[in-house]
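Engineer: Sharing a structure with you now.
Coordinate-derived values only; no laboratory data. For clarity, every value in this text was computed on a predicted model and none was experimentally measured. All Cβ positions, even for glycine, are placed from backbone atoms using ideal geometry, and neighbour counts span all protein chains on display.
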Amino acid sequence: MLLLTLVVTGIVGDRRTIAEPIPLMTNAPEVSPAQQPSQQNQAQQIPASPPPSGNRYDVLSKMITPMAGVLLGGNQTTDRAMTLRATVGQVAGRLPQTIKGASLKAMIQYPGRIRVEAPVLGETLTICRNGNQVWASPGSKIQFLLSQFKHKPAPAPKNGAPLQLPFTAQQAVLLPALFQLEPSNDVAAIDGTPCRVISGGLMPEIAKAANAEDFSAKLWICSDYTPKRIDIRRSDFAMSFLIEELTFAPDFPTSTWQPPQDAKDLYRCNAADLEQLLYVLMNSLQMSSGETPWMNESTPSAPSPIAPAPTGSQGLPGNPFGTLN
């Protein structure tokens with residue numbers, strides 16, 4: 001998905017080169033035995049709507065369009081707020097296996113509001129921007145993380161976009177044209193939901209200019225044009241996200257952007273420092289108090305092997321995604 005791709009490629013970023021290629025991930029989400037539906041429940045389920053058909057660039061455009069109003073204030077939609085919940089599925093390369101299973105929640109509203117919650121140091125850390133003001137909780141742990149990282153993004157002025165993005169609302173409608181998508185009509189199921197599978201990378205000239213020639217991604221898009229899963233890949237890491245919720249609304253209550261009334265341990269700064277806080281949060285997912293920051297602070301190791309993907313056909317998991325940073 002656009003937001004996750006931007007967050008992971010930009011905030012996790014800092015591509016490094018490794019000697020061995022990253023193994024491909026399995027295509028099916030990992031499900032514990034307790035989550036497997038019984039045969040009786042399967043029989044009672046209402047048949048799922050068919051996945052999107054037609055031109056792959058049109059499908060990608062319809063997925064991106066509702067996000068433009070939230071992330072950029074575009075007039076393609078009247079909704080200005082979005083809720084995203086996602087779980088990290090599989091990881092490879094320089095990413096530690098402890099990140100698997102991390103659940104993230106983001107609430108975003110145009111203009112200038114974003115709230116992200118994720119597990120770090122044994123509890124949920126919250127980072128929230130409300131216009132030009134930013135608060136984070138627990139503040140003591142945020143300060144500890146900031147002191148541990150050496151390669152934090154430099155402070156940067158902010159405009160109305162909740163996150164700093166390299167394009168405008170008008171340019172957002174042209175985003176699909178920046179990608180080189182594989183000519184495929186593949187369909188696969190995610191948690192029983194039929195999805196159109198779209199994969200590819202940036203156009204060669206765009207990738208070269210952005211120093212992202214090793215980037216690729218794969219999306220599973222369901223009937224309402226929302227993604228159910230996204231896999232992203234670069235030369236030294238790969239990871240998958242399962243999208244559990246992606247919903248839109250006109251706005252959120254004002255209280256969404258305020259810290260709890262009884263909160264005393266808060267870190268406060270202005271919006272120019274938002275990327276620093278998001279950077280340390282994303283690079284510390286699932287980190288325990290006895291560990292040190294891992295993602296961009298140490299020499300990457302060779303990737304751990306991942307089980308090969310099962311071959312698939314219409315309606316079954318197929319091959320993995322493309323490339324990324």
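Engineer: For the range 94-225, what are Rg and Dmax over the alpha carbons, in angstrom?
Structural biologist: Reported Rg and Dmax, both Å: 18.5, 50.
Engineer: With a sphere of radius 10 Å drawn around the Cβ of Ile221, what net charge do the other residues whose Cβ falls strictly inside it have (Lys, Arg +1; Asp, Glu -1)?
Structural biologist: Working: positive: Arg56, Lys62, Arg196, Lys228, Arg229; negative: Asp224.
That sum, taken over residues with Cβ under 10 Å, equals +4.
Engineer: Here's something else I'd like to know. Restricting everything to alpha-carbon atoms, can you work out Rg to Rh for the range 75-123 with a Kirkwood hydrodynamic radius?
Structural biologist: 1.12
Engineer: Using only alpha carbon positions, build the gyration tensor of the range 69-169, then give the equivalent ellipsoid semi-axes as the square roots of 5 times its eigenvalues, largest first, whole angstrom.
Structural biologist: Here the semi-axes work out to 26, 18, 14 Å.
Engineer: Moving on to the next point. Compute the Cα gyration tensor for the range 228-274, then decide on rounded, prolate or oblate, letting a ≥ b ≥ c be the square roots of its eigenvalues: rounded whenever a/c is under 1.5, prolate when a/b is larger than b/c in the other cases, and oblate in all that remain.
Structural biologist: oblate
Engineer: What's the extension gain from Thr65 to His151 if we count 0.36 nm per residue and subtract their Cα-Cα distance? Present the calculation step by step, with values, prior to reporting the outcome.
Structural biologist: On the way: separation 86, 0.36 × 86 = 30.96 nm, distance 3.32 nm.
Fully extending the segment from Thr65 to His151 adds 27.6 nm.
Engineer: Continuing with this model, one more query. Which entries in the list Lys105/Lys158; Lys150/Lys208; Lys150/Lys218 go over 29 Å, if you measure between the two C-alpha atoms of each? List each step's numbers first, then the result.
Structural biologist: Numbers: Lys105/Lys158 22 Å; Lys150/Lys208 27 Å; Lys150/Lys218 31 Å.
Violating the 29 Å limit, Cα to Cα: Lys150/Lys218.
Engineer: Obtain the nm distance between the two label points defined at Arg268 and Thr256 by a simple spin-label model: each point lies 7 Å from its Cα along the Cα-to-C-beta direction.
Structural biologist: The two pseudo-label positions are separated by 2.3 nm.
Engineer: Taking K and R as +1 and D and E as -1, what net charge do the other residues with C-beta under 9 Å from the C-beta of Val70 add up to?
Structural biologist: Numbers: positive: Arg80; negative: Asp79.
Once positives and negatives cancel, what remains is 0.
Engineer: Measuring from centroid to centroid over Cα atoms, what is the spacing of the range 201-272 and the range 133-154 in Å?
Structural biologist: So the separation of the two Cα centres works out to 20 Å.
Engineer: Take Val173, Val134 and order them by how many other Cβ atoms sit within 10 Å, fewest up front. Don't jump to the answer; show the numbers that get you there.
Structural biologist: Working: Val173 14, Val134 22.
Sorted ascending by nearby Cβ count, the order is Val173, Val134.
Engineer: Where does the charge balance sit around Pro138 when Lys and Arg score +1, Asp and Glu -1, over other residues with C-beta under 11 Å from its C-beta? Show your work: numbers first, answer last.
Structural biologist: On the way: positive: Lys141, Lys264; negative: Glu123, Asp265.
Counting the neighbours of Pro138, the net charge comes to 0.
Engineer: Considering the convex hull of the alpha carbon atoms of the range 195-293, report its projected area averaged over all viewing directions, in nm², one decimal.
Structural biologist: 10.5 nm²
Engineer: Which order do the peptides 185-191, 255-261 take when ranked by the mean count of other beta-carbon atoms within 10 Å per residue, highest first? Could the numbers behind the result be given before it?
Structural biologist: Working: 185-191: 18.9, 255-261: 12.9.
Descending packing order for the listed peptides: 185-191, 255-261.
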